[in-house]
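Just so it is clear, none of the values below were taken in a lab; they were calculated from the coordinates. Keep in mind the model is a prediction, meaning the values are calculated, not measured. No Cβ is skipped: glycine too gets one built from the backbone with ideal geometry, and neighbour counts run over all protein chains shown.
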Ligand SMILES: O=C(O)CCC(=O)C(=O)O
């Protein structure tokens, strides 16, 4: 199953659609060379909760329509050029390209602003701490939010629908982490007791580089470019076998290019732990 974001520049209100394409032909879409036949598309307009389904034949969709789809797959990618991933080791590249996905411009500027306003209200009394209780996070403040205004609830719902397997419930609280410009997150693996196999984070205010290092051999790692307003989904082996960290300002480089760091807020949805791992 492939998730796509369709951007329409027409005057219609359907500005951004999240589409779920049920087909194995994802690489055909990506290369845009040939239109797939008989594709079942379920899509949801941004500001509604209802899904619509269309069954299309290739002739019904012009190639220009398909070219407006930005691919976003939560499944294995066969394509060797995953633009947001940089890993020298071939096996690491393979694992991370299958288990870590990034959707650029998941949020519109307006949605980003709406989330910022609400989380800032929730954190207004919190001061930046220099170090986290387990020493993983530096110069930060954080909170957990259960309730959101109507507009932001829809965004959270959109993340949960895209990121989580329907059989596992999302955690009711959403983690909001605000790190200052000189803040950073050291390598760690999220506790398996408290959250499940998928971590989905929206990045507000600043782009950054997230490094995923093999827990058993930290010399093997991959860097992930997380642009402002993106959504990342870390799951399976990327979540369990790799540490993740957010690089500090001085080290914030992706493919040798500096990624300027500023204050960054992440809004992170997680799912329930698997009962088998909860017991560990
Ligand atoms: O800020 C992020 O996107 C990741 C946060 C993180 O590493 C954590 O909360 O465990």
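What the table shows:
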{"read-out": "Spacing of the two label points (7 Å from each Cα toward its C-beta) at residue 105 and residue 169, in nm", "value": "3.7 nm"}
{"read-out": "Extension gain from residue 131 to residue 151, taking 0.36 nm per residue of separation minus the Cα-Cα distance", "value": "3.9 nm"}
{"read-out": "Label-point gap, in nm, between residue 215 and residue 250 - each point 7 angstrom along Cα→Cβ", "value": "2.9 nm"}
{"read-out": "Relative contact order (%) - region 150-231, alpha-carbon pairs under 8 angstrom, separation at least six", "value": "24 percent"}
{"read-out": "Likely footprinting exposure, 139, 174, fewest C-beta neighbours within 10 Å first", "value": "139, 174"}
{"read-out": "Overall form of region 180-254 per C-alpha gyration tensor (a/c, 1.5; a/b vs b/c)", "value": "oblate"}
{"read-out": "Amide N of region 156-177 lying under 15 Å from the label point, which is placed 7 angstrom from the Cα of residue 143 along Cα→Cβ", "value": "173-177"}
{"read-out": "Region 134-187: C-alpha gyration tensor shape, a/c 1.5 cut-off, then a/b vs b/c", "value": "prolate"}
